[in-house]
Amino acid sequence: MLGPLPPETEQRSLRPLYELKTEVAEDRHEVEALYDTCFAPGREALSSYRLRDGVPPVAGLSLIARDAQGVLGGAIRYWPVQISAAAALLLGPVAVHPTRQGEGLGAMLIKVSLDHALDLGWERVMLVGDAPYYGRFGFARLVQVSMPPPTNPERVLGRALRAGAWDGIKGDVMRAVD
Ligand SMILES: CC(C)(COP(=O)(O)OP(=O)(O)OC[C@H]1O[C@@H](n2cnc3c(N)ncnc32)[C@H](O)[C@@H]1OP(=O)(O)O)[C@@H](O)C(=O)NCCC(=O)NCCS
């Protein structure tokens, strides 16, 4: 089932190698297996997962990429978080199967989902990750924003989807509340 992706996303999904779709319940076990393949054991012990406990991912923003045979090549999910009263997206996990890495699939998943996030009205996004990789998508250190310990502050990165959206926002990242 194709979720509410904007028209330009559907055009991009017609790229010959991969089709991007929104993740649905039927995809869940395959996506979990992909994450288990791509991340070290115990990934769910990471502090970022505490922000996800009991909170559903953002509807319509988690994407999967399947090849022409339907094989899952990559996936990305997003959760809502809060810094004081400010809402933000927590990007991740994002993963590409080891046999498909280096083809640009990770970049496609990130760029398409960030465009879609803006269309959905989100203003700012953050993640815990490698600056050398995420810098190419406009992410930079969020020096005034703290993730739950133990998190290396140098890996706390953010990107404003609207200009200035991170200005003046500081404090601890918390689970989103209704
Ligand atoms: C990170 C990941 C999603 C990238 O997906 P991908 O499809 O291979 O990425 P792309 O093809 O778009 O980009 C590949 C480029 O990113 C670089 N890159 C990949 N991971 C990197 C990292 N952690 N730090 C710096 N550069 C990285 C590659 O060296 C390559 O560089 P090049 O363009 O100069 O050749 C994928 O490598 C992956 O699933 N890794 C394991 C899980 C993971 O670490 N997820 C991210 C959590 S922070």
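The values are calculated or read from the model by the stated rules, or taken from the named source; none is laboratory data. Just so you know, these numbers come straight off a predicted model, no measurement behind them. Reconstructed Cβ throughout: ideal geometry from the backbone, glycine too, with neighbour counts over all protein chains shown.
Take residue 104 and decide whether it is in contact with a Leu (Cβ under 6 Å, 6 or more places away or on another chain), surrounded by 13 or more Cβ atoms within 10 Å (Cβ to Cβ) and on the phi > 0 side of the Ramachandran plot.
No: the conditions fail for residue 104.
Would you check if there is a residue in the stretch 14-35 being touching a strand residue (DSSP E or B) at 6+ places or on another chain (Cβ under 6 Å), in a strand (DSSP E or B) and crowded, with 20+ Cβ neighbours inside 10 Å?
Among the residues of the stretch 14-35, at least one is touching a strand residue (DSSP E or B) at 6+ places or on another chain (Cβ under 6 Å), in a strand (DSSP E or B) and crowded, with 20+ Cβ neighbours inside 10 Å, which makes the answer yes.
Checking the condition within 21 Å of residue 160 (Cβ to Cβ) and modelled with pLDDT of 95 or more, which residue from 78, 35 passes?
78 is the lone residue from the list that is within 21 Å of residue 160 (Cβ to Cβ) and modelled with pLDDT of 95 or more.
Report whether or not residue 101 is of a type in the set (S, T, N, Q) and farther than 21 Å from residue 39 by Cα.
no
What single numbered condition from (1) closer than 23 Å to residue 28 by Cα; (2) in contact (Cβ under 8 Å) with a residue 60 or more places away in the chain fails to hold for residue 83?
Among (1) closer than 23 Å to residue 28 by Cα; (2) in contact (Cβ under 8 Å) with a residue 60 or more places away in the chain, the lone unmet condition for residue 83 is (1).
If I filter the stretch 80-100 down to residues being within 14 Å of the ligand (Cβ to nearest atom) and among the hydrophobic types (A, V, I, L, M, F, W, C), which single residue comes out as farthest from residue 159 (Cα to Cα)?
Checking each candidate, the answer is 96.
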